[in-house]
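The values are calculated or read from the model by the stated rules, or taken from the named source; none is laboratory data. Fair warning: this is a prediction, and the values are worked out from it, not measured in the lab. Don't worry about glycine lacking a Cβ; one is built from the backbone with ideal geometry, like all the others, and counts go over all protein chains shown.
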Amino acid sequence: MGGLPNEQLGGMIVRLEMKQHIQGSTLRVEIIGLMDYSTIDDFELGIPDNVTKIIVDLAGLDFIDSTGIGAFLSMIYDASERGSTVEFVSMNDVITELFDTIGIFRIMESLQKGGQ
């Protein structure tokens, strides 16, 4: 693999790319590629103070491991502490089932209701 920024393996991007767009108080983040132990350092989410909603678009996510799940959980908790909400969109069936099995949706619901 070699870690070159534009390298691909079997048509799958072997790096993590993030695109961020702010519209009003909403931050939209597109995740593209792999989100695992080898790419997690590229997951840096700068959340401006005026952001109250974070939309994470996972249409381009090819793979996620426990490191990526942990990063998303940290983001969810950090957003909750700031009074912001997180919404995941464009998830494929595999990632949706993974998030459901792990309990990410239940955690998000609990935090939105003021739980911990």
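For Phe99, are the conditions met, namely being modelled with pLDDT of 95 or more, of a type outside the set (Gly, Ala, Ser), buried (at least 16 other Cβ atoms within 10 Å of the Cβ) and farther than 20 Å from Lys19 by Cβ?
yes
Being loosely packed, with under 13 Cβ neighbours inside 10 Å and either within 14 Å of the chain's Cα centre (by Cα) or under 20 Å from Met91 (Cβ atoms) (or both) is the filter here, so list the residues in the stretch 21-30 that pass it.
His21
Taking Arg28 as meeting all but one of (1) within 21 Å of Leu98 (Cβ to Cβ); (2) at pLDDT 90 or above; (3) touching an Asp or Glu at 6+ places or on another chain (Cβ under 9 Å), write down the number of the exception.
Of everything listed in (1) within 21 Å of Leu98 (Cβ to Cβ); (2) at pLDDT 90 or above; (3) touching an Asp or Glu at 6+ places or on another chain (Cβ under 9 Å), Arg28 misses just condition (1).
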